[in-house]
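The values are calculated or read from the model by the stated rules, or taken from the named source; none is laboratory data. If you're wondering where the values come from, they're calculated on a predicted model, not measured in any experiment. Neighbour counts run over all protein chains shown; Cβ positions are idealised from the backbone, glycine included. We work out accessible area using only protein heavy atoms, side chains counted, and drop any ligands, DNA or RNA first. Shrake-Rupley method; radii C 1.70, N 1.55, O 1.52, S 1.80 Å.
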Amino acid sequence: MDKALLDELMKPSAIAKRDYRFEILTPMVVHGAGQRGDQRSSSESEFRISSLRGVLHYWWRAIRMEQTRKELLKEEQSYFGGTDEGSGGKSPVRFSWESQKLNVHHSELLPHRKLQKKNGNKKQALNPGQQVNLRSEIRKTSSKNSEDDYHHMLELVFMIASMGQRSRRGFGAIQWTEHHFRTTADYAEHLKSVLLKLDRQAEIKCGGQQIILTDALQLERPTLSAVWIGEGEREYITVLEKFGLASHERRGDPGLGSIKSGKAGKRWASPLWGTVRRIGDQYYPVISELQSKETSREKSYVVQRNQFLKHMGVNIVGQD
């Protein structure tokens with residue numbers, strides 16, 4: 001390591017540390033990195049920092065309003081480092097977790113199939129109800145961004161993101177243990193405040209069921225435009241079943257994404273990212289909408305989106 005950098009890191013104030021504890025709310029299917037000869041198999045689920053970093057990068061891009069790829073990349077490298085010349089190299093932020101044995105079980109990734117009496121798709125998953133201790137370490141000497149910038153971004157992930165397979169449909173949901181929301185209105189107000197700290201403007205409608213980003217732009221890449229809160233359920237599995245059915249009923253329409261090559265010769269992911277959060281004593285579907293010019297090109301998008309949201313119990317008054 002460069003001696004000058006080593007000397008800076010030895011200073012007491014060179015690294016800012018912050019600890020978080022979050023709970024796994026729904027089965028999390030994040031595969032390990034085991035290779036042949038390892039005791040762990042690559043098909044075994046385990047919590048992985050690389051997966052968390054990937055989710056953090058995704059949502060960071062989703063809330064940024066830079067209009068060109070070059071501008072976005074420049075900002076991203078200032079936050080997370082990069083390999084390009086002038087990027088600053090190593091990331092200023094490092095994450096670690098308190099290594100522990102997390103319990104796993106085989107979880108049905110298509111729970112709605114059971115309701116239809118069809119075969120599903122079971123995968124090994126981390127059990128809900130377990131907690132993970134996470135630590136962030138920010139190298140102050142190499143980042144133009146403050147410790148709070150990373151904290152607010154991580155809190156946004158704790159509010160609207162998921163990890164692993166089927167994360168767009170409720171699996172791998174996580175909840176920060178500092179988040180205790182009594183009502184959907186409480187959740188909406190807190191999310192609005194987090195977005196404001198990240199320089200995004202939003203307004204709340206329909207008693208807290210809609211959080212609309214009023215400064216959203218329609219770019220080529222997907223960016224966050226709204227967050228919707230559906231109907232609460234006593235058990236998380238009921239929410240996962242509803243997500244599965246809502247997707248299954250629209251699988252033949254490209255309005256909510258496509259796994260087949262379209263006219264442009266490429267696949268595109270669903271603009272609706274569904275996760276689950278505990279509010280009061282119930283589990284609620286939280287659906288983030290990421291619009292782009294691709295969604296505007298799909299004529300059936302608004303109709304399909306509204307039908308999906310209605311299935312999840314969202315009041316979509318004024319969105320038709």
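Laid out as a table, the results:
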item: Relative contact order %, region 159-251, counting alpha carbon pairs below 8 Å whose residues are six or more apart; result: 19
item: Accessible area (Å², 1.4 Å probe, nearest 10) - TRP273; result: 20
item: Per-peptide average of other Cβ atoms within 10 Å, ordering 286-295, 98-107, 178-187 highest first; result: 286-295, 178-187, 98-107
item: Pairs from LYS122/LYS192; LYS122/LYS242; LYS192/LYS242; LYS197/LYS293 whose Cα-Cα separation, in the structure shown, is over 28 Å; result: LYS122/LYS192
item: Sites LEU73 and LEU219, calculated FRET efficiency, Cβ-Cβ separation with R0 22 Å, nearest 0.05; result: 0.95
item: Solvent accessible area, Å² - VAL30, 1.4 Å probe, full protein context; result: 10
item: For region 15-21, Karplus couplings with θ = phi - 60° (6.51, -1.76, 1.60), whole Hz, Gly/Pro x; result: 10, 9, 10, 9, 9, 9, 10
item: In order through region 275-285: 3J(HN,Hα) via Karplus (6.51 cos²θ - 1.76 cosθ + 1.60), integer Hz, x for Gly, Pro; result: 9, 10, 9, 8, 10, x, 10, 10, 9, 10, x
item: Alpha carbon convex hull of region 132-257, volume per residue in cubic angstrom; result: 158
